[in-house]
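Enquirer: My structure is below; once you've seen it, I'll send some questions.
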Amino acid sequence: MPWPHGAPTAPEYKSDVPRDFEAERKQCLELIDRFVPRKMEEGGWGRAVFGELSGREWSCLQARHLDHHLKQFGV
């Protein structure tokens with residue numbers, strides 16, 4: 001699946017509330033720690049937007065998504 005370069009952020013994901021960077025960073029790391037130990041062979045990886053995905057597909061999608069945002073913020 002090609003990565004949607006320049007695609008606008010969906011309005012429901014935008015926030016006009018100031019964020020605490022350290023709290024957001026901590027939450028991101030906690031979510032990564034929850035995601036990493038999950039076995040790729042487990043089911044239930046699908047989401048409404050993408051339909052059913054394999055664990056490998058979901059893992060690749062999340063890695064690309066996180067990389068996109070790290071680059072977006074110059075990390």
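Just so you know, all these numbers are worked out from the coordinates, no wet-lab data involved. Keep in mind that what you see is a predicted model, and the values were worked out from it rather than measured. Every residue, glycine among them, receives a Cβ derived from its backbone with ideal geometry; neighbour counts consider all protein chains shown.
Enquirer: Please work out the Kirkwood hydrodynamic radius for the chain, using every pair of different C-alpha atoms, and report it in angstroms with one decimal place. Mind dumping the intermediate values first?
Expert: Numbers: mean 1/r = 0.0694 Å⁻¹.
Averaging 1/r across every pair of different Cα atoms and inverting gives 14.4 Å.
Enquirer: For residue 39, give me every one of the aspartates and glutamates with a C-alpha distance below 19 angstrom, ignoring sequence neighbours fewer than eight places off in its own chain.
Expert: Leaving aside aspartates and glutamates fewer than 8 places away in the same chain, those within reach of residue 39 are 30, 52, 57.
Enquirer: Between residue 16 and residue 41, what is the label-point separation in nm under the 7 Å Cα-to-beta-carbon projection?
Expert: 5.0
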